[in-house]
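Undergrad: Input: one structure, supplied below.
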Amino acid sequence: MPNEVVLVTGFPGIESRMLVERILAEEPETKILLVVWHDLMDRAQLALESMDHRDRIEVLAGDAAAIDLGLSGPEYRRVVRLVTRAHHLARSTYVGVSKARAHYTNVQGAIEMVELAAEASSLQCLVHHSSAFVSGDRSGTVYEDDLDEGQGYFSEVQRTQMQAERVMRRSMRELPITVLRPTMLVGDSVTGEVDRFGGPYLLVMLLLGVPGDLAVPMPIPPAVPVDFVPVDYVVKVAHHVGRHATALRRTLHIRSPERLTARDVFELIAQCSGRRVLQSYLPSHLANALVRTPGIKRVLQEPRAFLQQLSAGACYDDRTSRRILADTGIVCPALASYIDTWVSAVKAHVGTQRGVGSRAQ
């Protein structure tokens, strides 16, 4: 597809970086515009050094949540004139972020991207990268068209991600917008690479953080449904839907075809890490105490919100995304096929953190 220009925010985060690499590999004539936050420019340039075809990438220092994306007038007008596709990945996901920062990055960022989409006459699709956990504390089946159903939230991040989606929904009839909602996002299924060791990596840390001869009770109800998707799979989906009109003006849940429970996942992790798991369930107040143990607390900042989210028991209907991805060859790998990358990555990270702690003492 000649003369394609893709705008990407959120670089050099792993999801944004992998998407850029996929576009460069799959679309030999496409050019990429990166809006990179000023404070991340050095990291962005370092990430670009290892990329092939980086001559097709232009880096713009800006702020995706600021007026005109934080660009100069001529820069912004040029972006509006050139862009044919956009992926909005700049968002706050760390639950410890302040309320003001979460609102600014997530909600104001969505507003600015919608304004750009309204001005970009050649725009074919704006892909807004959200999360299935805009469902908050809902349980049972959550459908792709569901959004604000009066649910509560376990963090300000979830609340502002829902509000950002609401901004997108209001403009979806007039603008070519697609919303992606992956479930619990984990690292690369092949390399184990991850931006930050939070969320689901707690389950590995719980097992590695106790002596090897002790069995660990499950920190969430064993039968609760849980779902994980590796970042490389989500990137493949995002790239596909951004190029196909069948996904326009739709919200897509991105989940695994597996139907796993907490017991299934915990047992897989235990087998891979050589630990034992009790079949009993540890009540939430005791689980919260367990994750405050020194070896875990030092490397994980959001255990409480993570346990609450997993315990909610929501199940995400994905019939629209399954229909759109049918016959594409894009398949989510089974958790058992990459669980060892979780464990290996966490072992290396925990070992590094302990080494740092020992040197500090």
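The values are calculated or read from the model by the stated rules, or taken from the named source; none is laboratory data. Predicted, not measured: the structure shown is a model, and the values here were computed from it. In this analysis, Cβ positions are derived from the backbone assuming ideal geometry, glycine residues included, and neighbour counts consider all displayed protein chains.
Undergrad: Filter the stretch 40-76 for residues that are at positive phi and in contact with a strand residue (DSSP E or B) (Cβ under 9 Å, 6 or more places away or on another chain); which is surrounded by the most Cβ atoms within 10 Å (Cβ to Cβ)?
TA: Applying the first criterion (at positive phi) to the stretch 40-76 yields 53, 68-70.
With the extra rule that they be in contact with a strand residue (DSSP E or B) (Cβ under 9 Å, 6 or more places away or on another chain), the set shrinks to 68-70.
On the way: Asp68: 18, Leu69: 23, Gly70: 19.
Per the stated criteria, the residue is Leu69.
Undergrad: Return only the number of the condition from (1) touching a helix residue (DSSP H, G or I) at 6+ places or on another chain (Cβ under 8 Å); (2) assigned by TED's automatic domain parsing to the domain that holds Ala305 that Ala215 does not satisfy.
TA: Ala215 satisfies all of (1) touching a helix residue (DSSP H, G or I) at 6+ places or on another chain (Cβ under 8 Å); (2) assigned by TED's automatic domain parsing to the domain that holds Ala305 except (1).
Undergrad: Is it fair to say Ala345 is modelled with pLDDT under 75 and not charged (D, E, K, R)?
TA: no
Undergrad: Here's another thing I want to ask about it. Within the stretch 114-170, take every residue that is assigned to a helix (DSSP H, G or I), among the aliphatic types (A, V, I, L, M) and more than 17 Å from the chain's Cα centre (by Cα) and give me the one that is farthest from Gly10 (Cα to Cα). Working first, answer last.
TA: Taking the stretch 114-170 and keeping what is assigned to a helix (DSSP H, G or I), we get 114-119, 132-135, 156-170.
Cutting the leftovers down to among the aliphatic types (A, V, I, L, M) gives us 114, 116-118, 132, 134, 157, 162, 164, 167-168.
Checking which are more than 17 Å from the chain's Cα centre (by Cα) leaves us with 114, 116-118, 167-168.
Numbers: Val114: 16, Leu116: 16, Ala117: 17, Ala118: 21, Val167: 19, Met168: 18 Å.
The qualifying residue farthest from Gly10 (Cα to Cα) is Ala118.
Undergrad: Of all residues in the stretch 85-106, which are crowded, with 21+ Cβ neighbours inside 10 Å and in a helix (DSSP H, G or I)?
TA: Of everything in the stretch 85-106, those that are crowded, with 21+ Cβ neighbours inside 10 Å and in a helix (DSSP H, G or I) turn out to be Ala102, Thr105, Asn106.
Undergrad: Now a separate question. For Thr178, indicate whether it is in contact with a strand residue (DSSP E or B) (Cβ under 7 Å, 6 or more places away or on another chain), under 27 Å from Glu4 (Cα atoms), surrounded by 21 or more Cβ atoms within 10 Å (Cβ to Cβ) and not small (Gly, Ala, Ser). It would help to see each step written out before you state the result.
TA: Details: in contact with a strand residue (DSSP E or B) (Cβ under 7 Å, 6 or more places away or on another chain): yes; under 27 Å from Glu4 (Cα atoms): yes; surrounded by 21 or more Cβ atoms within 10 Å (Cβ to Cβ): yes; not small (Gly, Ala, Ser): yes.
In short, yes.
Undergrad: Looking at Arg196, Arg263, Arg249, can you tell me which residue is at pLDDT below 95 and either assigned by TED's automatic domain parsing to the domain that holds Leu147 or in a loop (DSSP other than H, G, I, E, B) (or both)?
TA: Working: Arg263 fails: either assigned by TED's automatic domain parsing to the domain that holds Leu147 or in a loop (DSSP other than H, G, I, E, B) (or both); Arg249 fails: at pLDDT below 95.
Result of the check over Arg196, Arg263, Arg249: Arg196.
Undergrad: Among the numbered criteria (1) modelled with pLDDT of 75 or more; (2) part of a strand (DSSP E or B), which single criterion is violated by Val235?
TA: (2)
Undergrad: Does Thr141 satisfy being over 22 Å from Ala65 (Cβ atoms), in contact with a Cys (Cβ under 7 Å, 6 or more places away or on another chain) and assigned by TED's automatic domain parsing to the domain that holds Ala247? Steps first, answer last, please.
TA: Working: over 22 Å from Ala65 (Cβ atoms): yes; in contact with a Cys (Cβ under 7 Å, 6 or more places away or on another chain): yes; assigned by TED's automatic domain parsing to the domain that holds Ala247: yes.
Against the criterion (over 22 Å from Ala65 (Cβ atoms), in contact with a Cys (Cβ under 7 Å, 6 or more places away or on another chain) and assigned by TED's automatic domain parsing to the domain that holds Ala247), Thr141 qualifies.
Undergrad: Okay, moving on. For residues that are of a type in the set (Asp, Glu) and under 14 Å from the mean Cα position of the chain (by Cα), scanning just the stretch 171-212, find the one that is nearest to Phe228 (Cα to Cα). I'd like the intermediate steps shown before the answer.
TA: Residues of the stretch 171-212 of a type in the set (Asp, Glu): 174, 188, 193, 195.
Okay, now just the ones that are also under 14 Å from the mean Cα position of the chain (by Cα), so 188, 193, 195.
On the way: Asp188: 12, Glu193: 15, Asp195: 16 Å.
For the stretch 171-212, the residue satisfying everything is Asp188.
Undergrad: Let me ask something else about it. Only one residue in Val226, Val204 is crowded, with 22+ Cβ neighbours inside 10 Å, within 17 Å of Ala345 (Cβ to Cβ) and at pLDDT below 95. Which one?
TA: Working: Val226 fails: within 17 Å of Ala345 (Cβ to Cβ).
The match here is Val204.
Undergrad: Closer than 22 Å to Tyr76 by Cβ, assigned to a helix (DSSP H, G or I) and at pLDDT 95 or above: which single residue out of Leu34, Leu7, Leu24, Leu40 fits that description?
TA: On the way: Leu34 fails: assigned to a helix (DSSP H, G or I); Leu7 fails: assigned to a helix (DSSP H, G or I); Leu24 fails: closer than 22 Å to Tyr76 by Cβ.
The match here is Leu40.
Residue-wise test of (1) modelled with pLDDT under 95; (2) over 24 Å from Gly313 (Cβ atoms); (3) surrounded by fewer than 22 Cβ atoms within 10 Å (Cβ to Cβ).
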{"residue": "Glu115", "(1), (2), (3)": "no, yes, yes"}
{"residue": "Leu123", "(1), (2), (3)": "no, yes, yes"}
{"residue": "Ser139", "(1), (2), (3)": "yes, no, yes"}
{"residue": "Ser155", "(1), (2), (3)": "yes, no, no"}
{"residue": "Gln161", "(1), (2), (3)": "no, no, no"}
{"residue": "Ala164", "(1), (2), (3)": "no, yes, no"}
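Undergrad: Checking Ile111 against (1) closer than 30 Å to Gln308 by Cβ; (2) of a type outside the set (D, E, K, R); (3) modelled with pLDDT under 95: exactly one of these is not met. Which one?
TA: (3)
Undergrad: Further question: If I ask for residues that are touching a residue at least 24 places away in the same chain (Cβ under 8 Å) and exposed (fewer than 14 other Cβ atoms within 10 Å of the Cβ), which ones from the stretch 29-39 would you list?
TA: Of the stretch 29-39, the ones touching a residue at least 24 places away in the same chain (Cβ under 8 Å) are 29-38.
Once the filter is applied, which keeps residues that are touching a residue at least 24 places away in the same chain (Cβ under 8 Å) and exposed (fewer than 14 other Cβ atoms within 10 Å of the Cβ), the stretch 29-39 yields Glu29, His38.
Undergrad: In the stretch 25-36, is there at least one residue being in contact with a His (Cβ under 7 Å, 6 or more places away or on another chain) and basic (Lys, Arg)?
TA: no
Undergrad: While we're looking at this one, here's another question. Here is a list: Asp42, Asp52, Asp63. Which entry is over 28 Å from Ala245 (Cα atoms) and free of Cβ contacts under 8 Å to residues at least 24 places away in the same chain? Outline the logic, then answer.
TA: On the way: Asp52 fails: free of Cβ contacts under 8 Å to residues at least 24 places away in the same chain; Asp63 fails: free of Cβ contacts under 8 Å to residues at least 24 places away in the same chain.
After applying the criteria, what remains is Asp42.
Undergrad: Going through Asp146, Asp195, Asp188 one at a time, which residue ends up being within 25 Å of Pro257 (Cα to Cα) and free of Cβ contacts under 8 Å to residues at least 40 places away in the same chain? Before the answer, list the steps.
TA: Working: Asp195 fails: free of Cβ contacts under 8 Å to residues at least 40 places away in the same chain; Asp188 fails: free of Cβ contacts under 8 Å to residues at least 40 places away in the same chain.
After applying the criteria, what remains is Asp146.
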